[in-house]
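Scroll down for the structure; my scribbles are underneath it.
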C-alpha cells in the first residue's frame, strides 16, 4: 500500500494535476472585452481585482490537493510501518 503513496508517484501525479489546473486557469483568465473601454480607471481596477482573485484561486487549487495527498500518504505509511 505504501508503494501507492511513494514520493515519485506523488510527484508525477502532482505535476499532472498542476499542469491541468494551469491550463484550465490560463484558458479562463479574466480579460477586457473589446466593447468596453480599457482606459477607464474603474475597468482597470475591476480587471486587476478579478486577475488577483483568479490567480489566488487557481494557485490554491493547484497546490492544496497535492499537499493533502502527500500528508495523507505519509500518515498512512507511518501508521502501517509502526504495526
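Derivation of every value follows stated rules applied to the coordinates shown; laboratory data play no part. What you are looking at is a predicted structure, and each value in this text was computed from that prediction instead of being measured. Reconstructed Cβ throughout: ideal geometry from the backbone, glycine too, with neighbour counts over all protein chains shown.
Report the extension gain between residue 50 and residue 37 in nm, rounded to one decimal, defined as 0.36 nm multiplied by the number of residues separating them, less their alpha carbon distance.
Length difference between fully extended and current span is 3.0 nm.
Give me the distance in nm between label points sitting 7 Å out from Cα along the Cα-to-Cβ direction at residue 67 and residue 13, one decimal.
1.8 nm
When a footprinting reagent is the concern and you count Cβ atoms within 10 Å, what order do 37, 14 take, fewest first?
If I rank by nearby Cβ atoms, fewest first, I get 37, 14.
On a 0 to 90 degree scale, rounded to 10, what angle separates helix 7-27 from the longest Cα axis of the chain?
It is inclined by approximately 10 degrees.
Students often get this wrong, so try it: which of [x] 1.26; [y] 1.21; [z] 1.04 is Rg/Rh (Cα atoms, Kirkwood Rh) as calculated from the structure shown?
After the calculation, the listed value that fits is [x].
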